[in-house]
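Written out below as structure tokens is the structure these notes cover.
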Amino acid sequence: MSGDRKLKIAFLWHMHQPYYFDSKNRKFAMPWVRFHALKDYLDMPLLAADYNIKATFNLVPSLVDQIELYSQGYLDRTAIRTLGADARGWNLRSGRKRPIPCP
């Protein structure tokens, strides 16, 4: 086998979460979307950009909807307990470490 052949690899991250938002109580039942949004959902594309890795990130519609709800100020019970009276003005943007790079 020739040593000059290149292996082509496709990186695909499929990101999903169950739908945790309870429209009756207007709160999230579990904090996982917020936890991952502040860490994995942002850090993984940033890490790929830092190392110039071409990758596809697939976010399912239920995940995107929930991230949008957080950005509008809806909270989960953990955030409400943690942030207390300041919870009303909290949103995902306050947790970003650095801006998302634009191609």
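No value in this document is a laboratory result; all are computed from the given coordinates. Since we're looking at a predicted model, the values are computed, not measured. All Cβ positions, even for glycine, are placed from backbone atoms using ideal geometry, and neighbour counts span all protein chains on display.
Counting Lys +1, Arg +1, Asp -1, Glu -1, what net charge surrounds Phe57 among other residues with beta carbon under 13 Å of its beta carbon? Local charge sum for Phe57: -1.
For segment 13-69, applying the loop criterion from DSSP together with a ceiling of 11 other beta carbons within 10 Å to the chymotrypsin sites (Phe, Trp or Tyr not before Pro) yields Tyr51. Between His14 and Arg77, residue separation times 0.36 nm minus the direct Cα-Cα distance comes to 20.0 nm. Amide H contacts for Asp76 (H built 1.01 Å from N in the peptide plane; partners 5 or more residues away or on another chain; cut-off under 5 Å): Phe28. Cross-link partners of Lys39 among lysines, defined as those whose alpha carbon lies under 29 angstrom from its own and excluding same-chain residues fewer than eight positions apart: Lys8, Lys24, Lys27, Lys54, Lys97. The length gained by stretching the chain between Leu59 and Lys24 to full extension, at 0.36 nm per residue less their Cα-Cα distance, is 10.1 nm.
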